[in-house]
Amino acid sequence: MNAGGSRAAGPVGGADLTGRVAVVTGAGGGMGRVLVGELARAGAHVVAVARDALRTEGLLREAMGDHGGFEVVQADLSLRRGVIDAAAAISRRHPRVHVLVNNAGAHFPERRLTPDGVEMHVAVDYLAAFGLTHLLRESLVAAGGRVVHVASDSLNDTRQVRLVGRARPAGLDPAHLEDLTRLNPAGGFVAFEAYARAKLLTVTSGYDVARLLRPHGVTINSVHPGIVATGIVDDLVPAALRPVGGLIRRAMRTPRDGASAALRLATDPALAGVTGRYYRREREATTPAVSHDAAVQQRLHDVSSRWFDR
């Protein structure tokens, strides 16, 4: 497939996932609940990973009733220990994972650090996805699984208002890749740029891990689902536009529409074997040059794998 010229096609309704295991993070959010519901309706047993297990289970039961099988794994994916414990719980119960949708994400208006000393965007929007993919490797290889990272096209343009001027891609200083606690530093911190940089890390790592796992039959792709009216949007709307925030949300994609792009990559038989790609909705798209730099990918993989293997 050539960047910009191919389309990911085929709705989840055409896939039969009976007997397969799917893992969805951020399962308590709007898109997450749709992902869990649709994968379960296709026959999969879904492991729903969420910070609040009781709330998430209630929401899923309300939405799905008795249709489809799922279980909830409680995990705070902003924490190194939370990612490790979630992966351990999943792999103990499921030696094969056929689908992993790394949907968890968040935007934080102020700079915050996790108890591990990592900036929150890096922890939630990058390390959670990398860590689960890394730690569930054996289960994914055993199933020839598909991994989908839910990304954001903010990595290609960090301007929140795009009326004039050129696109401003997210930047990444390779010197900061020696230590995860140096990513998104306090100096010059801008929340939306920090969010975009974390998504850039996810896509950059996705290219690298896709290459590593291709011989084992595992595919890894990233997708921008469009601007979706979820809870994260409230923090992303610039202050000057908040008085018309309701109108802005109504113009956005619904969680169901947003989830369809990730579901397509996770289930469409026509995409079997397609790996190492980035999609803007259904169309393959490009990402900043730094994301394709093999040396950057290697340094990022080394520091991130050490974070979870130490």
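Of all residues in segment 104-115, those that are closer than 19 Å to Leu132 by Cβ and modelled with pLDDT of 95 or more have Cβ atoms under 6 Å from Cβ atoms of residues that are of a type in the set (Ser, Thr, Tyr) and surrounded by 15 or more Cβ atoms within 10 Å (Cβ to Cβ), 6 or more apart or on another chain, in Ala104/Thr25; Thr114/Ser78.
Hey, can you tell me all the residues within segment 183-213 that are of a type in the set (Lys, Arg) and either closer than 19 Å to Ser152 by Cβ or surrounded by 24 or more Cβ atoms within 10 Å (Cβ to Cβ) (or both)?
Listed by number, the residues that qualify are Arg197, Lys199.
Please verify whether Ser139 is polar (S, T, N, Q), at pLDDT 95 or above, surrounded by 18 or more Cβ atoms within 10 Å (Cβ to Cβ) and out of contact with any Phe, Trp or Tyr (no Cβ under 7 Å at 6 or more places or on another chain), treating the condition exactly as stated. Judged against the criteria, Ser139 is a match. Restricted to segment 63-99, and to residues there that are charged (D, E, K, R) and in a helix (DSSP H, G or I), the residue that is surrounded by the fewest Cβ atoms within 10 Å (Cβ to Cβ) is Arg92.
The residues of segment 168-226 that are in a loop (DSSP other than H, G, I, E, B) and β-branched (Val, Ile, Thr), listed by number, are Val190, Val218.
Residue-by-condition table, conditions (1) more than 27 Å from Val24 (Cβ to Cβ); (2) charged (D, E, K, R):
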position: Asp157; (1), (2): yes, yes
position: Val161; (1), (2): yes, no
position: Leu177; (1), (2): yes, no
position: Leu180; (1), (2): no, no
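Results for (1) surrounded by fewer than 16 Cβ atoms within 10 Å (Cβ to Cβ); (2) of a type in the set (Asp, Glu); (3) within 16 Å of the chain's Cα centre (by Cα), shown as yes or no for each residue.
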residue	(1), (2), (3)
Gly258	no, no, yes
Gly276	no, no, yes
Ala289	yes, no, no
His301	no, no, no
Arg306	yes, no, no
Asp309	yes, yes, no
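How about segment 158-209: which of its residues are over 27 Å from Val148 (Cβ atoms), free of Cβ contacts under 8 Å to residues at least 60 places away in the same chain and touching a Lys or Arg at 6+ places or on another chain (Cβ under 6 Å)? Across segment 158-209, there are no qualifying residues. Of all residues in segment 144-155, none are closer than 14 Å to Pro288 by Cα, of a type in the set (D, E, K, R) and out of contact with any Lys or Arg (no Cβ under 6 Å at 6 or more places or on another chain). Within segment 272-308, the residues that satisfy the criterion of being in a loop (DSSP other than H, G, I, E, B) and at negative phi are Ala272, Val274, Thr275, Glu282, Ala285, Thr286, Thr287, Pro288, Asp293. For segment 142-182, the set of residues classified as among the hydrophobic types (A, V, I, L, M, F, W, C) and surrounded by 16 or more Cβ atoms within 10 Å (Cβ to Cβ) consists of Ala142, Ala143, Val147, Val148, Val150, Ala151, Leu155, Ala170, Leu172, Leu177, Leu180, listed by residue number. For Leu59, the conditions (1) at pLDDT 95 or above; (2) closer than 23 Å to Ala106 by Cα all hold with the exception of (1).
Among the residues that make up segment 73-81, is at least one of them modelled with pLDDT under 95 and more than 17 Å from Gly28 (Cα to Cα)?
no
Scan segment 208-245 for residues that are of a type in the set (Gly, Ala, Ser), farther than 16 Å from Phe130 by Cβ and at pLDDT 75 or above and jot them down. Within segment 208-245, Gly217, Gly226 qualify. Of all residues in segment 50-62, those being surrounded by 13 or more Cβ atoms within 10 Å (Cβ to Cβ) and either among the acidic types (Asp, Glu) or touching a residue at least 60 places away in the same chain (Cβ under 8 Å) (or both) number 2.
The values are calculated or read from the model by the stated rules, or taken from the named source; none is laboratory data. Just so it is clear, the structure is predicted and the values come from calculations on it, not from any experiment. No Cβ is skipped: glycine too gets one built from the backbone with ideal geometry, and neighbour counts run over all protein chains shown.
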